[in-house]
Amino acid sequence: MKEMFSAVSLVLYFLIGVISLAMAYKSLFSEKFLPFHEKASGKQWDELEGPLKLVITSLMRLGGLGFLSISILLIAGPIVNYFNPNIFYKFLIPGIALLYCTGLFLNNYILFKKTKARTPWKGSLYAAMAILAGMIISLFGDS
């Protein structure tokens, strides 16, 4: 039974890790901001000046590095914890990911409320909830 709890939390972490990896790729290699950014700003990408475009793509890449960090933590962390059980790995690693996803949710939700742009606030909320669920479930697991 304890192995089942561990497996469920591993699956949740892996799922969010893979989604974060996809978002990292999208953010790191994007040449412009996302469609909801255009809607929120009220400007099309082509309307922006060159230096502002550089600032925006730089910030997108920083966000992409955050997604990449979270994906590495959520994919590799539980594997490390499986082979070397440690309470630090078990809760701090998903805790860091939970912090990032909660911040992402809050920022996307505030942007949605202020601009009515269709931001991915629900997706980031679901990711935070899945990580929290994994942490709670892992309380009952053996590793």
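The values are calculated or read from the model by the stated rules, or taken from the named source; none is laboratory data. A quick note: this is a predicted structure, and the numbers were derived from the prediction, not measured. Glycine gets a Cβ as well: all are built from the backbone with ideal geometry, and neighbour counts include every protein chain shown.
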Within the stretch 115-135, how many residues are surrounded by fewer than 16 Cβ atoms within 10 Å (Cβ to Cβ) and either modelled with pLDDT under 95 or in a loop (DSSP other than H, G, I, E, B) (or both)?
2
When the stretch 22-50 is examined, which residues are found to be farther than 23 Å from Arg118 by Cβ and in a helix (DSSP H, G or I)?
Gly50
Return the pairs, sorted by first residue and then second, in which the second residue is hydroxyl-bearing (Ser, Thr, Tyr) and assigned to a helix (DSSP H, G or I), the first residue lies in the stretch 1-30 and is more than 20 Å from Met129 (Cβ to Cβ), the beta carbons are less than 6 Å apart, and the residues are 6+ apart or on different chains.
Ala24/Ser71
Quick one: which of Ser71, Ser41 is within 20 Å of the chain's Cα centre (by Cα) and not aliphatic (A, V, I, L, M)?
Ser71
Among residues of the stretch 58-94, those that are assigned to a helix (DSSP H, G or I) and in contact with an Asp or Glu (Cβ under 9 Å, 6 or more places away or on another chain), counted:
0
Reported set for the stretch 70-89 where residues are surrounded by fewer than 16 Cβ atoms within 10 Å (Cβ to Cβ) and in contact with a Phe, Trp or Tyr (Cβ under 8 Å, 6 or more places away or on another chain) is Val80
Answer with yes or no whether Phe112 is part of a helix (DSSP H, G or I), within 18 Å of Tyr126 (Cα to Cα) and over 13 Å from the mean Cα position of the chain (by Cα).
yes
Report yes if Phe112 is surrounded by 15 or more Cβ atoms within 10 Å (Cβ to Cβ) and modelled with pLDDT under 95, otherwise no.
no
Candidates Leu62, Leu92, filtered to the one that is surrounded by fewer than 16 Cβ atoms within 10 Å (Cβ to Cβ), under 24 Å from Lys122 (Cβ atoms) and of a type in the set (A, V, I, L, M, F, W, C):
Leu62
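Pick from Phe140, Phe105: which is in contact with a Phe, Trp or Tyr (Cβ under 9 Å, 6 or more places away or on another chain) and touching a residue at least 60 places away in the same chain (Cβ under 8 Å)?
Phe140 is the lone residue from the list that is in contact with a Phe, Trp or Tyr (Cβ under 9 Å, 6 or more places away or on another chain) and touching a residue at least 60 places away in the same chain (Cβ under 8 Å).
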